[in-house]
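The values are calculated or read from the model by the stated rules, or taken from the named source; none is laboratory data. Quantities reported herein were computed from a predicted structural model and do not represent experimental measurements. Ideal geometry is used to build each Cβ from the backbone, glycine not excepted, and the neighbour counts take in all protein chains shown. Side chains are part of the model used for accessible areas, which takes the heavy atoms of the whole protein and leaves out ligands, DNA and RNA. Shrake-Rupley method; radii C 1.70, N 1.55, O 1.52, S 1.80 Å.
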Amino acid sequence: MSDRKELTGKITVRDEAIAAEREQEIIVFANLGQSVFDSELAEDKFLDKQKNAIVGITGRIRDLEESLRRLLADDEKRSALQEEKKSLNVELRNIKNKEEPLFEELGRSTWELWKSGRIIDERMEEALDDLVKAELRLQAAEDAMFRNEKDSGSKAVSIISRGKAFLLAGRRKTASAALDRLWGHAGRNLREMIIPEAFTDTPAAVSSSTLSALSRRRDEITERVKALTGETEVLDSTLEELPGKGGVHRRVAWIENALDKKRIELDDAFRNLGEAWLGNTSGKSVPAAVENRRNEWTAINKRIGVLEEERKAFSAHREYSEFKALRDKKAIQVSKLEEEVKSRQAELKSLKKEMLTVEKNLSVQKESLPPLPTGS
(Lines give C-alpha, C1' and ligand atoms only; values in the text may rest on other atoms or scores of the structure.)
Protein backbone atom coordinates (compact mmCIF):
# COMPACT_ATOMS: atom_id res chain seq x y z
CA MET A 1 0.00 0.00 0.00
CA SER A 2 2.82 2.38 0.91
CA ASP A 3 4.52 1.66 -2.43
CA ARG A 4 1.36 2.49 -4.36
CA LYS A 5 0.87 5.69 -2.30
CA GLU A 6 4.46 6.74 -2.99
CA LEU A 7 4.05 5.99 -6.70
CA THR A 8 0.77 7.96 -6.78
CA GLY A 9 2.56 10.92 -5.18
CA LYS A 10 5.30 10.80 -7.83
CA ILE A 11 2.69 10.58 -10.61
CA THR A 12 0.90 13.65 -9.14
CA VAL A 13 4.20 15.57 -9.10
CA ARG A 14 4.73 14.68 -12.78
CA ASP A 15 1.16 15.67 -13.66
CA GLU A 16 1.64 19.08 -12.04
CA ALA A 17 4.98 19.56 -13.75
CA ILE A 18 3.50 18.59 -17.13
CA ALA A 19 0.58 21.03 -16.58
CA ALA A 20 3.05 23.83 -15.74
CA GLU A 21 5.12 23.04 -18.84
CA ARG A 22 1.95 23.00 -20.98
CA GLU A 23 1.04 26.45 -19.69
CA GLN A 24 4.54 27.66 -20.45
CA GLU A 25 4.28 26.05 -23.88
CA ILE A 26 1.16 28.12 -24.59
CA ILE A 27 3.10 31.29 -23.70
CA VAL A 28 6.06 30.21 -25.84
CA PHE A 29 3.75 29.47 -28.79
CA ALA A 30 2.24 32.96 -28.43
CA ASN A 31 5.70 34.55 -28.23
CA LEU A 32 6.81 32.50 -31.21
CA GLY A 33 3.76 33.67 -33.16
CA GLN A 34 4.51 37.29 -32.29
CA SER A 35 8.13 36.91 -33.39
CA VAL A 36 6.98 35.33 -36.67
CA PHE A 37 4.41 38.10 -37.14
CA ASP A 38 7.09 40.76 -36.65
CA SER A 39 9.39 39.11 -39.21
CA GLU A 40 9.24 38.57 -42.95
CA LEU A 41 8.15 34.99 -42.29
CA ALA A 42 4.60 36.27 -41.84
CA GLU A 43 4.50 37.00 -45.57
CA ASP A 44 4.20 33.29 -46.35
CA LYS A 45 0.84 32.61 -47.96
CA PHE A 46 -0.03 29.64 -45.75
CA LEU A 47 -0.03 32.02 -42.75
CA ASP A 48 -2.49 34.55 -44.27
CA LYS A 49 -5.47 33.38 -42.20
CA GLN A 50 -3.61 33.61 -38.89
CA LYS A 51 -1.91 36.88 -39.83
CA ASN A 52 -5.21 38.54 -40.89
CA ALA A 53 -6.83 37.46 -37.62
CA ILE A 54 -4.02 39.16 -35.67
CA VAL A 55 -4.30 42.35 -37.75
CA GLY A 56 -8.06 42.52 -37.14
CA ILE A 57 -7.80 41.93 -33.39
CA THR A 58 -4.90 44.38 -33.06
CA GLY A 59 -6.91 47.07 -34.85
CA ARG A 60 -9.88 46.49 -32.55
CA ILE A 61 -7.64 46.71 -29.48
CA ARG A 62 -6.14 49.95 -30.79
CA ASP A 63 -9.62 51.41 -31.29
CA LEU A 64 -10.74 50.38 -27.81
CA GLU A 65 -7.59 51.79 -26.19
CA GLU A 66 -8.06 55.07 -28.04
CA SER A 67 -11.71 55.19 -26.93
CA LEU A 68 -10.64 54.51 -23.34
CA ARG A 69 -8.00 57.26 -23.44
CA ARG A 70 -10.52 59.69 -24.87
CA LEU A 71 -13.17 58.66 -22.34
CA LEU A 72 -10.82 59.13 -19.39
CA ALA A 73 -9.44 62.41 -20.75
CA ASP A 74 -12.95 63.78 -21.34
CA ASP A 75 -14.01 62.69 -17.86
CA GLU A 76 -10.99 64.40 -16.34
CA LYS A 77 -11.81 67.54 -18.30
CA ARG A 78 -15.47 67.26 -17.25
CA SER A 79 -14.42 67.04 -13.60
CA ALA A 80 -12.15 70.07 -14.00
CA LEU A 81 -15.01 72.03 -15.59
CA GLN A 82 -17.36 71.06 -12.77
CA GLU A 83 -14.82 72.07 -10.14
CA GLU A 84 -14.24 75.43 -11.83
CA LYS A 85 -17.99 75.98 -12.13
CA LYS A 86 -18.46 75.13 -8.46
CA SER A 87 -15.69 77.55 -7.49
CA LEU A 88 -17.20 80.32 -9.62
CA ASN A 89 -20.64 79.78 -8.08
CA VAL A 90 -19.06 80.14 -4.64
CA GLU A 91 -17.47 83.38 -5.80
CA LEU A 92 -20.87 84.60 -7.05
CA ARG A 93 -22.36 83.99 -3.61
CA ASN A 94 -19.45 85.84 -2.04
CA ILE A 95 -19.99 88.78 -4.41
CA LYS A 96 -23.66 88.91 -3.39
CA ASN A 97 -22.67 88.94 0.28
CA LYS A 98 -20.15 91.73 -0.36
CA GLU A 99 -22.71 93.80 -2.28
CA GLU A 100 -25.30 93.97 0.51
CA PRO A 101 -23.35 96.35 2.82
CA LEU A 102 -22.04 98.29 -0.20
CA PHE A 103 -25.60 98.98 -1.44
CA GLU A 104 -26.50 100.21 2.03
CA GLU A 105 -23.40 102.42 2.14
CA LEU A 106 -24.18 103.81 -1.32
CA GLY A 107 -27.76 104.57 -0.24
CA ARG A 108 -26.67 106.29 2.98
CA SER A 109 -23.93 108.32 1.32
CA THR A 110 -26.17 109.49 -1.51
CA TRP A 111 -28.94 110.30 0.94
CA GLU A 112 -26.56 112.61 2.78
CA LEU A 113 -25.72 114.29 -0.54
CA TRP A 114 -29.43 114.71 -1.23
CA LYS A 115 -30.09 116.22 2.19
CA SER A 116 -27.17 118.61 1.71
CA GLY A 117 -28.72 119.78 -1.55
CA ARG A 118 -26.09 118.33 -3.86
CA ILE A 119 -27.67 116.88 -6.98
CA ILE A 120 -25.33 114.60 -8.96
CA ASP A 121 -27.92 113.35 -11.48
CA GLU A 122 -31.42 114.32 -12.58
CA ARG A 123 -32.72 110.83 -11.62
CA MET A 124 -31.33 111.10 -8.12
CA GLU A 125 -34.70 112.08 -6.64
CA GLU A 126 -36.46 109.19 -8.37
CA ALA A 127 -33.89 106.71 -7.07
CA LEU A 128 -34.32 108.03 -3.53
CA ASP A 129 -38.10 108.36 -3.73
CA ASP A 130 -38.80 105.53 -1.27
CA LEU A 131 -36.34 107.04 1.21
CA VAL A 132 -37.96 110.47 0.84
CA LYS A 133 -41.36 108.98 1.60
CA ALA A 134 -39.98 107.00 4.53
CA GLU A 135 -38.30 110.13 5.89
CA LEU A 136 -41.59 112.02 5.65
CA ARG A 137 -43.38 109.26 7.55
CA LEU A 138 -40.66 109.34 10.22
CA GLN A 139 -40.91 113.13 10.53
CA ALA A 140 -44.69 112.92 10.75
CA ALA A 141 -44.39 110.34 13.54
CA GLU A 142 -41.85 112.48 15.40
CA ASP A 143 -44.02 115.62 14.99
CA ALA A 144 -47.00 113.75 16.35
CA MET A 145 -44.99 112.63 19.36
CA PHE A 146 -43.75 116.18 19.94
CA ARG A 147 -47.26 117.64 19.79
CA ASN A 148 -48.57 114.97 22.13
CA GLU A 149 -45.83 115.71 24.63
CA LYS A 150 -46.48 119.47 24.33
CA ASP A 151 -50.23 119.04 24.77
CA SER A 152 -49.70 116.88 27.84
CA GLY A 153 -47.48 119.52 29.43
CA SER A 154 -47.91 119.65 33.20
CA LYS A 155 -51.34 118.01 33.10
CA ALA A 156 -51.86 114.79 34.92
CA VAL A 157 -51.09 111.97 32.60
CA SER A 158 -54.18 109.83 32.05
CA ILE A 159 -54.29 106.25 30.93
CA ILE A 160 -55.51 107.43 27.51
CA SER A 161 -52.60 109.87 27.19
CA ARG A 162 -50.12 107.19 28.09
CA GLY A 163 -51.67 104.85 25.56
CA LYS A 164 -51.52 107.52 22.85
CA ALA A 165 -47.88 108.27 23.66
CA PHE A 166 -47.08 104.55 23.48
CA LEU A 167 -48.86 104.25 20.14
CA LEU A 168 -47.03 107.24 18.67
CA ALA A 169 -43.71 105.92 19.90
CA GLY A 170 -44.47 102.65 18.18
CA ARG A 171 -45.26 104.43 14.93
CA ARG A 172 -42.00 106.35 15.15
CA LYS A 173 -40.07 103.12 15.77
CA THR A 174 -41.76 101.43 12.83
CA ALA A 175 -41.03 104.40 10.55
CA SER A 176 -37.40 104.46 11.65
CA ALA A 177 -37.03 100.72 11.03
CA ALA A 178 -38.63 101.08 7.59
CA LEU A 179 -36.13 103.81 6.77
CA ASP A 180 -33.21 101.57 7.81
CA ARG A 181 -34.48 98.73 5.65
CA LEU A 182 -34.54 100.98 2.57
CA TRP A 183 -30.81 101.82 2.46
CA GLY A 184 -29.94 98.75 0.41
CA HIS A 185 -33.01 99.16 -1.81
CA ALA A 186 -32.05 102.79 -2.50
CA GLY A 187 -28.48 101.72 -3.28
CA ARG A 188 -29.75 99.25 -5.90
CA ASN A 189 -31.95 101.94 -7.47
CA LEU A 190 -28.98 104.31 -7.63
CA ARG A 191 -26.84 101.63 -9.32
CA GLU A 192 -29.54 101.03 -11.95
CA MET A 193 -30.45 104.67 -12.64
CA ILE A 194 -27.19 106.61 -12.28
CA ILE A 195 -23.88 105.94 -14.02
CA PRO A 196 -20.95 105.19 -11.67
CA GLU A 197 -18.96 108.21 -12.92
CA ALA A 198 -21.58 110.54 -11.37
CA PHE A 199 -20.40 109.49 -7.89
CA THR A 200 -16.81 110.64 -8.50
CA ASP A 201 -15.52 113.06 -5.83
CA THR A 202 -18.41 112.20 -3.52
CA PRO A 203 -18.54 110.19 -0.27
CA ALA A 204 -20.29 107.47 -2.30
CA ALA A 205 -17.35 107.09 -4.72
CA VAL A 206 -15.72 104.15 -2.91
CA SER A 207 -18.89 102.06 -2.54
CA SER A 208 -19.91 102.90 -6.13
CA SER A 209 -16.56 101.95 -7.64
CA THR A 210 -16.39 98.74 -5.56
CA LEU A 211 -19.89 97.77 -6.69
CA SER A 212 -18.86 98.44 -10.30
CA ALA A 213 -15.84 96.15 -9.91
CA LEU A 214 -17.99 93.45 -8.36
CA SER A 215 -20.55 93.83 -11.14
CA ARG A 216 -17.87 93.45 -13.79
CA ARG A 217 -16.55 90.37 -12.04
CA ARG A 218 -20.08 88.94 -11.84
CA ASP A 219 -20.50 89.46 -15.59
CA GLU A 220 -17.17 87.73 -16.22
CA ILE A 221 -18.19 84.81 -14.01
CA THR A 222 -21.61 84.55 -15.65
CA GLU A 223 -20.02 84.37 -19.10
CA ARG A 224 -17.46 81.84 -17.92
CA VAL A 225 -20.13 79.66 -16.29
CA LYS A 226 -22.11 79.79 -19.52
CA ALA A 227 -19.00 78.73 -21.46
CA LEU A 228 -18.29 75.93 -18.98
CA THR A 229 -21.86 74.68 -19.30
CA GLY A 230 -21.48 74.65 -23.09
CA GLU A 231 -18.21 72.71 -22.91
CA THR A 232 -19.76 70.19 -20.53
CA GLU A 233 -22.73 69.71 -22.86
CA VAL A 234 -20.34 69.05 -25.76
CA LEU A 235 -18.49 66.44 -23.68
CA ASP A 236 -21.81 64.81 -22.71
CA SER A 237 -22.92 64.66 -26.34
CA THR A 238 -19.63 63.12 -27.51
CA LEU A 239 -19.95 60.49 -24.77
CA GLU A 240 -22.66 58.81 -26.86
CA GLU A 241 -20.13 58.33 -29.67
CA LEU A 242 -17.93 56.11 -27.47
CA PRO A 243 -18.38 52.34 -26.99
CA GLY A 244 -20.61 50.96 -24.26
CA LYS A 245 -23.78 52.25 -22.65
CA GLY A 246 -24.64 54.46 -19.70
CA GLY A 247 -22.34 56.85 -17.88
CA VAL A 248 -18.57 57.16 -17.84
CA HIS A 249 -17.90 54.48 -15.21
CA ARG A 250 -20.10 51.89 -16.94
CA ARG A 251 -18.47 52.61 -20.30
CA VAL A 252 -14.96 52.39 -18.80
CA ALA A 253 -15.84 49.01 -17.28
CA TRP A 254 -17.31 47.83 -20.60
CA ILE A 255 -14.22 48.88 -22.58
CA GLU A 256 -11.81 47.35 -20.06
CA ASN A 257 -13.76 44.08 -20.16
CA ALA A 258 -13.75 44.14 -23.98
CA LEU A 259 -9.99 44.81 -23.97
CA ASP A 260 -9.36 41.84 -21.67
CA LYS A 261 -11.31 39.58 -24.03
CA LYS A 262 -9.54 40.94 -27.11
CA ARG A 263 -6.11 40.50 -25.52
CA ILE A 264 -6.95 36.88 -24.79
CA GLU A 265 -8.07 36.52 -28.42
CA LEU A 266 -4.80 38.12 -29.55
CA ASP A 267 -2.75 35.66 -27.48
CA ASP A 268 -4.75 32.81 -29.04
CA ALA A 269 -4.21 34.26 -32.52
CA PHE A 270 -0.43 34.57 -31.95
CA ARG A 271 -0.37 31.00 -30.63
CA ASN A 272 -2.24 29.78 -33.71
CA LEU A 273 0.28 31.59 -35.90
CA GLY A 274 3.20 30.07 -33.98
CA GLU A 275 1.76 26.55 -34.24
CA ALA A 276 0.94 27.02 -37.91
CA TRP A 277 4.46 28.22 -38.72
CA LEU A 278 6.08 25.50 -36.63
CA GLY A 279 4.02 22.85 -38.41
CA ASN A 280 5.13 24.11 -41.83
CA THR A 281 8.64 25.32 -41.09
CA SER A 282 11.36 24.38 -43.54
CA GLY A 283 15.10 24.12 -43.15
CA LYS A 284 15.75 27.68 -44.28
CA SER A 285 17.34 30.17 -41.91
CA VAL A 286 15.06 32.22 -39.69
CA PRO A 287 15.57 35.42 -37.68
CA ALA A 288 17.33 35.03 -34.34
CA ALA A 289 14.20 36.03 -32.35
CA VAL A 290 12.16 33.31 -34.06
CA GLU A 291 14.95 30.75 -33.62
CA ASN A 292 15.19 31.54 -29.90
CA ARG A 293 11.45 31.02 -29.48
CA ARG A 294 11.61 27.76 -31.42
CA ASN A 295 14.46 26.57 -29.21
CA GLU A 296 12.40 27.45 -26.14
CA TRP A 297 9.54 25.33 -27.48
CA THR A 298 11.93 22.45 -28.33
CA ALA A 299 13.31 22.52 -24.77
CA ILE A 300 9.82 22.55 -23.27
CA ASN A 301 8.67 19.77 -25.57
CA LYS A 302 11.69 17.72 -24.55
CA ARG A 303 11.02 18.28 -20.86
CA ILE A 304 7.38 17.32 -21.35
CA GLY A 305 8.48 14.15 -23.14
CA VAL A 306 10.77 13.21 -20.25
CA LEU A 307 8.06 13.91 -17.70
CA GLU A 308 5.50 11.88 -19.65
CA GLU A 309 7.90 8.92 -19.91
CA GLU A 310 8.56 9.12 -16.18
CA ARG A 311 4.84 9.32 -15.51
CA LYS A 312 4.24 6.33 -17.78
CA ALA A 313 6.88 4.33 -15.91
CA PHE A 314 5.47 5.23 -12.51
CA SER A 315 1.95 4.43 -13.76
CA ALA A 316 3.09 1.03 -15.06
CA HIS A 317 4.73 0.20 -11.73
CA ARG A 318 1.65 1.36 -9.84
CA GLU A 319 -0.56 -0.77 -12.10
CA TYR A 320 1.75 -3.72 -11.50
CA SER A 321 1.63 -3.06 -7.76
CA GLU A 322 -2.16 -2.88 -7.90
CA PHE A 323 -2.38 -6.23 -9.76
CA LYS A 324 0.08 -7.74 -7.31
CA ALA A 325 -2.04 -6.53 -4.41
CA LEU A 326 -5.10 -7.93 -6.16
CA ARG A 327 -3.31 -11.29 -6.61
CA ASP A 328 -2.39 -11.35 -2.91
CA LYS A 329 -5.98 -10.58 -1.99
CA LYS A 330 -7.27 -13.40 -4.22
CA ALA A 331 -4.65 -15.78 -2.81
CA ILE A 332 -5.88 -15.08 0.69
CA GLN A 333 -9.46 -15.66 -0.41
CA VAL A 334 -8.45 -18.96 -2.11
CA SER A 335 -6.51 -20.06 0.99
CA LYS A 336 -9.47 -19.35 3.21
CA LEU A 337 -11.77 -21.18 0.85
CA GLU A 338 -9.42 -24.18 0.67
CA GLU A 339 -9.33 -24.37 4.47
CA GLU A 340 -13.08 -24.18 4.50
CA VAL A 341 -13.30 -26.96 1.86
CA LYS A 342 -10.94 -29.18 3.85
CA SER A 343 -13.02 -28.65 6.95
CA ARG A 344 -16.22 -29.44 5.09
CA GLN A 345 -14.69 -32.54 3.52
CA ALA A 346 -13.78 -33.92 6.96
CA GLU A 347 -17.26 -33.17 8.12
CA LEU A 348 -18.65 -34.90 5.01
CA LYS A 349 -16.54 -38.01 5.66
CA SER A 350 -17.75 -38.20 9.24
CA LEU A 351 -21.36 -37.82 8.18
CA LYS A 352 -20.94 -40.56 5.58
CA LYS A 353 -19.63 -42.95 8.28
CA GLU A 354 -22.54 -42.11 10.50
CA MET A 355 -24.94 -42.68 7.60
CA LEU A 356 -23.45 -46.16 6.89
CA THR A 357 -23.92 -47.11 10.51
CA VAL A 358 -27.50 -45.94 10.38
CA GLU A 359 -28.02 -47.90 7.14
CA LYS A 360 -26.71 -51.14 8.71
CA ASN A 361 -28.91 -50.69 11.75
CA LEU A 362 -31.83 -50.03 9.50
CA SER A 363 -31.24 -53.28 7.50
CA VAL A 364 -30.98 -55.34 10.63
CA GLN A 365 -34.12 -53.81 12.07
CA LYS A 366 -35.97 -54.33 8.81
CA GLU A 367 -35.26 -58.09 8.77
CA SER A 368 -36.43 -58.47 12.30
CA LEU A 369 -39.71 -56.68 11.79
CA PRO A 370 -42.84 -58.85 12.51
CA PRO A 371 -45.65 -58.85 9.99
CA LEU A 372 -48.41 -56.33 10.50
CA PRO A 373 -51.70 -57.67 11.76
CA THR A 374 -54.65 -57.76 9.29
CA GLY A 375 -58.05 -56.36 10.01
CA SER A 376 -58.95 -53.67 12.45
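Ordering Phe29, Phe314, Phe46 by how much accessible area each has at a 1.4 Å probe, largest first, what is the list? Intermediate values should be presented prior to the final figure.
Working: Phe29 20, Phe314 45, Phe46 85 Å².
Output order, biggest surface exposure first: Phe46, Phe314, Phe29.
Are any of the pairs Lys85/Lys133; Lys86/Lys262; Lys98/Lys133 more than 32 Å apart by Cα-Cα distance, and if so, which? If you can, show how the numbers build up before the last one.
Numbers: Lys85/Lys133 43 Å; Lys86/Lys262 40 Å; Lys98/Lys133 27 Å.
Too far apart for the 32 Å limit: Lys85/Lys133; Lys86/Lys262.
Which distance in Å, rounded to a whole number, links the C-alpha centroids of segment 229-267 and segment 4-53?
Distance between centres, Cα-based: 34 Å.
Of Ile195, Val286, Ser350, which is farthest on the positive side of the dipole of the chain, counting Cα position, with +1 on Lys and Arg Cβ, -1 on Asp and Glu Cβ, and the Cα centre as origin?
Ser350
Once label points are set 7 Å from the Cα along Cα→Cβ at both Phe46 and His317, what is their separation, rounded to one decimal in nm?
Simple spin-label model gives 4.2 nm for this pair.
Checking the a/c ratio against 1.5 first, then a/b against b/c, what shape does the Cα gyration tensor give for segment 250-316? Don't jump to the answer; show the numbers that get you there.
On the way: a/c = 3.54, a/b = 1.50, b/c = 2.36.
Note, shape of segment 250-316 comes out oblate.
Rounded, prolate or oblate: which one fits the chain, using the alpha carbon gyration tensor with axes a ≥ b ≥ c (rounded when a/c is under 1.5, else prolate when a/b beats b/c, else oblate)? Don't skip to the answer; put the middle values down first.
Details: a/c = 6.89, a/b = 2.27, b/c = 3.03.
Taking the square roots of the gyration eigenvalues as a ≥ b ≥ c, the chain is oblate.
Charges only on Cβ, +1 for Lys and Arg, -1 for Asp and Glu: so what's the dipole of the chain about the Cα centre, in debye to the nearest 20? Provide the component values of the computation, followed by the final result.
Values: 68 positive and 70 negative charges, 406 e Å.
With only Lys, Arg, Asp and Glu charged at Cβ, the dipole is about 1960 debye.
With a probe of 1.4 Å, find how much accessible area the chain has per residue, and write the answer as a whole number in Å². Working shown, then result.
On the way: 25590 Å² over 376 residues.
Result: 68 Å² per residue.
Please report the carbon-and-sulfur percent of the accessible area for the chain; probe 1.4 Å, protein heavy atoms only, DNA, RNA and ligands left out. Walk me through the numbers on the way to the answer.
Details: 13800 of 25590 Å².
Here it works out to 54 percent.
Which of the three applies to segment 252-376, rounded, prolate or oblate, going by the alpha-carbon gyration tensor with a ≥ b ≥ c and a/c under 1.5 meaning rounded? Mind showing how you got there, number by number?
Details: a/c = 6.96, a/b = 3.76, b/c = 1.85.
Prolate is the answer for segment 252-376, as a/c is 1.5 or above and a/b outweighs b/c.
With each run of n ≥ 4 DSSP H residues scored as -39500 (n - 2.57), what mean residue ellipticity at 222 nm is computed for the chain after dividing by its residue count and rounding to the nearest 500 deg cm²/dmol? Please list the in-between numbers first.
Values: 8 runs with 316 residues, N = 376.
When only DSSP H runs of four or more count, the value is -31000 deg cm²/dmol.
Excluding residues fewer than 8 places away in the same chain, name every one of the lysines whose C-alpha is closer than 22 Å to that of Lys312.
Hits, sequence-local ones excluded: Lys5, Lys10, Lys302, Lys324.
What net charge is computed for the residues neighbouring Glu192, neighbours being all others with C-beta under 14 Å from the C-beta of Glu192, Lys and Arg scored +1, Asp and Glu -1?
Details: positive: Arg123, Arg188, Arg191; negative: Glu99, Asp121, Glu126, Asp129, Asp130.
Surrounding charge for Glu192 is -2.
Between Ser79 and Leu369, what length comes free when the chain is fully extended (0.36 nm per residue of separation minus the Cα-Cα distance, one decimal in nm)?
Numbers: separation 290, 0.36 × 290 = 104.40 nm, distance 12.88 nm.
Residue separation times 0.36 nm, minus the Cα-Cα distance, leaves 91.5 nm.
Which whole-number percentage describes the relative contact order of the chain, with Cα contacts under 8 Å and a sequence gap of 6 or more?
On the way: 254 pairs, mean separation 151.2, N = 376.
Reported relative contact order: 40 percent.
Count charges around Ser350 for me, please; just the other residues with Cβ under 14 Å from its Cβ, Lys/Arg as +1, Asp/Glu as -1.
Surrounding charge for Ser350 is +3.
What order do Glu76, Glu347, Glu21 take when sorted by accessible area (1.4 Å probe), most exposed first? Please report the intermediate quantities before stating the final value.
On the way: Glu76 135, Glu347 85, Glu21 35 Å².
From most accessible down to least: Glu76, Glu347, Glu21.
Report the local net charge at Glu367: Lys and Arg +1, Asp and Glu -1, summed over other residues whose C-beta lies under 14 Å from its C-beta. Can you show the working numbers first?
Details: positive: Lys360, Lys366; negative: Glu359.
For residues surrounding Glu367, the net value is +1.
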